[in-house]
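S.K.: Please see the structure below; I have some questions.
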Amino acid sequence: MSTHGSHISHSTRIGLPPGPRLPSALQAVAWLRRPLSFLERCQRRYGDTFTLRVRNSGTWVILADPEDVKRVFTAEHATLGVGLANSILGPLLGARSVMLLEEPEHVRRRRLMLPHFHGERMDGYAQMMVQVTRRQAGGWPVGEPFVLWPRMQELTLEVIMRVVFGELEDERLGHLRKLLGELTAWMNDPRRLRLLAAAGPRRFATNTGYQKVIRPVEQAVLEQVRLRRELPEAQLRERAEVASMLAEARYEDGAPMTEQDLRDELVTLLTDGPTSGLLTWSFERLLRHPEALARLRAEIDIEGADGPYLDAVVKETMRLCPAAPIVVRRILEPMELGGYAIPAGTTVAPCVHLVHRRPDIYPAPLEFIPERFLERAAGTYTWIPFGGGVRRCLAAPYAQMLMKQVISTVLGELELRAVKPAAERPRKSAITFVPHLQGLVLATPRAKSDSGERAETAVEVDGRAG
Ligand code: HEM
């Protein structure tokens, strides 16, 4: 059998694997309301490979066997396209976003963006991430319950704005912050999901409420690009941030990126949906696992954000708490998956959620056990919160580093505890999943004596009483 599937063996069944017989409209309701339990139920009934028919989104062959996931992620990228245009992300990100571009354009754009979210460039961001976290955490309520998710959204937004636009004057930054905050708040409202379900992505894109929040963001983002394009070339080159790089980028034929390209790319970066949700999850999990929290605190006091246990905590949070339960690919050649010859044109979906809960790979899969990632490295096709292959999240190192800097800074300064002892359940927001109480916590300043020097420095920087 060929790995990439153009050759199909004799024992293979032809056609799509079985799946629920419900009409596609009802499958859409199940998918939009309770996607995780829907996936789990289908796996119990049909096994690791099954077909969902979801009205307004398409037909997906769900893959929960790591061998199949590997086959899809390592397939020649020329045979794969992405089906995300049919989701809520389509209208938001725009067809010219790297996330939705097809090959060969996709890989060219990806090469332009990658250096900003990998390697050396990261070192320069660490200090800024810590400063932003200290400033923001310094303003969180003390001694009364509050929810983490909106704070985490503000925080990740503030950080990505600096990565994208560099140092901006306060007034411009404030304006952008306000517009992006309004867009995020609009997307967070659960009614939008029902609108999407009822209307489909195309009608959603022309919805007046949506237009009202997206247009000002587009204008402000493009204004930033225009300002950069007016700068003398040498000056523009000196600026390291993403917006300047894109403003001066040239395609192979020498043409600059169009304003539509730039709009779509910058909105893609600025919406940074999953990181704030995952940060909220990491606190939600840690606060319900006092031993893990104590071990982490002890490590942070010595190693800051660089310790192996913090890395394991971040990985375990991403394993257990879904950001995207599936990633999708459209196959342009027949492929053999799960014993079926899947025809060209089918959308296949490596299932992050189900792979991450396989007991053969993760014993006691529903438990939060960061130690598992100390004992065994995360597998390329079994730990897939960022997807895989040539479409793997291009900001994966950035997102993990941001999570580590935020967790270590917050824990260095604050004592947090969960207001309700019971675990929070995943609730679907427009783009990702968040704890249903949005991370309801109570904070008190961390006593100087047990947090040592790091906390003292933090208090000095913030001017917040210890
Ligand atoms: C913990 C946080 C994050 C998670 C869990 C996450 C997850 C994902 C996933 C599942 C994909 C699809 C991968 C695939 O189809 O194989 C993706 C793609 C992508 N992500 Fe992320 N992401 C995160 C943070 C970010 C951030 C902070 C940015 C940008 C600032 C970002 C930018 C992108 C882009 C541009 C793509 C498209 C890559 C391509 O198609 O080549 N992500 N991400």
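The values are calculated or read from the model by the stated rules, or taken from the named source; none is laboratory data. Note that the structure is a prediction, hence the values are computed from the model and not measured. Note: ideal-geometry Cβ built from the backbone for every residue, glycine included; neighbour counts use all protein chains shown.
S.K.: Is it fair to say Ile384 is within 17 Å of the chain's Cα centre (by Cα) and in contact (Cβ under 8 Å) with a residue 60 or more places away in the chain?
M.R.: Yes.
S.K.: Please work out if Glu158 is in a helix (DSSP H, G or I), without any contact (Cβ under 8 Å) to a residue 60 or more places away in the chain, under 29 Å from Ile300 (Cβ atoms) and within 14 Å of the ligand (Cβ to nearest atom).
M.R.: Taking the combined requirement at face value, the residue satisfies it.
S.K.: If you don't mind, another one. Go through the range 254-269 and report how many residues are surrounded by fewer than 23 Cβ atoms within 10 Å (Cβ to Cβ) and closer than 24 Å to Leu155 by Cβ.
M.R.: Total satisfying the criteria: 2.
S.K.: Say whether the condition of being within 12 Å of the ligand (Cβ to nearest atom) and under 15 Å from Gly273 (Cα atoms) is met by at least one residue in the range 106-120.
M.R.: Scanning the range 106-120 turns up no residue that is within 12 Å of the ligand (Cβ to nearest atom) and under 15 Å from Gly273 (Cα atoms).
S.K.: What's the number of the only condition in (1) free of Cβ contacts under 8 Å to residues at least 40 places away in the same chain; (2) loosely packed, with under 15 Cβ neighbours inside 10 Å; (3) charged (D, E, K, R) that Arg135 fails to meet?
M.R.: With (1) free of Cβ contacts under 8 Å to residues at least 40 places away in the same chain; (2) loosely packed, with under 15 Cβ neighbours inside 10 Å; (3) charged (D, E, K, R) applied to Arg135, the lone miss is (1).
A quick yes/no check of all residues on (1) outside any helix (DSSP H, G or I); (2) more than 22 Å from Ser282 (Cβ to Cβ); (3) away from the ligand (no atom under 15 Å from the Cβ); (4) hydroxyl-bearing (Ser, Thr, Tyr):
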residue	(1), (2), (3), (4)
Trp149	no, no, no, no
Gln153	no, no, no, no
Val164	no, yes, no, no
Arg172	no, yes, yes, no
His175	no, yes, yes, no
Lys178	no, yes, yes, no
Gly181	no, yes, yes, no
Thr184	no, no, no, yes
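S.K.: Has the range 310-325 got any residue that is over 16 Å from Gln400 (Cβ atoms) and surrounded by fewer than 24 Cβ atoms within 10 Å (Cβ to Cβ)?
M.R.: yes
S.K.: May I ask you to list pairs of residues, at least six apart or on different chains, whose Cβ atoms are under 6 Å apart, with the first in the range 258-274 being free of Cβ contacts under 8 Å to residues at least 60 places away in the same chain and the second being assigned to a helix (DSSP H, G or I)?
M.R.: Glu259/Leu222; Leu262/Val225; Leu262/Leu246
S.K.: Please tell me if Arg237 is loosely packed, with under 15 Cβ neighbours inside 10 Å, farther than 30 Å from His356 by Cβ and of a type in the set (Lys, Arg).
M.R.: Here the answer is yes, as Arg237 does meet what is asked.
S.K.: Here's something else I'd like to know. Restricting attention to the range 356-364, does a residue exist that is among the small types (Gly, Ala, Ser) and within 14 Å of the ligand (Cβ to nearest atom)?
M.R.: no
S.K.: Can you tell me how many residues within the range 41-60 are of a type in the set (A, V, I, L, M, F, W, C), in a strand (DSSP E or B) and at pLDDT 95 or above?
M.R.: Residues meeting the conditions: 2.
S.K.: While we're here: What is the number of the single condition among (1) more than 12 Å from the ligand (Cβ to nearest atom); (2) surrounded by fewer than 21 Cβ atoms within 10 Å (Cβ to Cβ); (3) modelled with pLDDT under 85 that Val82 does not meet?
M.R.: (1)
S.K.: Right, something else. Which of the residues belonging to the range 259-302 are among the hydroxyl-bearing types (Ser, Thr, Tyr) and modelled with pLDDT under 90?
M.R.: Correct list: Thr268, Thr271.
S.K.: Can you work out which of the residues in the range 367-395 that are at pLDDT 95 or above and near the ligand (Cβ under 7 Å from one of its atoms) is farthest from Leu114 (Cα to Cα)?
M.R.: Pro385
S.K.: Test each condition in (1) touching a Pro at 6+ places or on another chain (Cβ under 7 Å); (2) β-branched (Val, Ile, Thr); (3) away from the ligand (no atom under 16 Å from the Cβ) for Ile300 and report the one that comes out false.
M.R.: Condition (1) is where Ile300 drops out.
S.K.: Select the strands (runs of 3 or more DSSP E) contained entirely in the range 396-440, then report the ones holding at least 3 residues which are among the hydrophobic types (A, V, I, L, M, F, W, C) and touching a residue at least 12 places away in the same chain (Cβ under 8 Å).
M.R.: 414-418
S.K.: Test each condition in (1) at pLDDT 95 or above; (2) of a type outside the set (Gly, Ala, Ser); (3) under 17 Å from Val163 (Cβ atoms); (4) buried (at least 21 other Cβ atoms within 10 Å of the Cβ) for Leu63 and report the one that comes out false.
M.R.: Going through (1) at pLDDT 95 or above; (2) of a type outside the set (Gly, Ala, Ser); (3) under 17 Å from Val163 (Cβ atoms); (4) buried (at least 21 other Cβ atoms within 10 Å of the Cβ) one by one, Leu63 breaks only (3).
S.K.: Give me a count of the residues in the range 404-428 that are farther than 28 Å from Met187 by Cβ and either surrounded by fewer than 19 Cβ atoms within 10 Å (Cβ to Cβ) or within 19 Å of the chain's Cα centre (by Cα) (or both).
M.R.: 3
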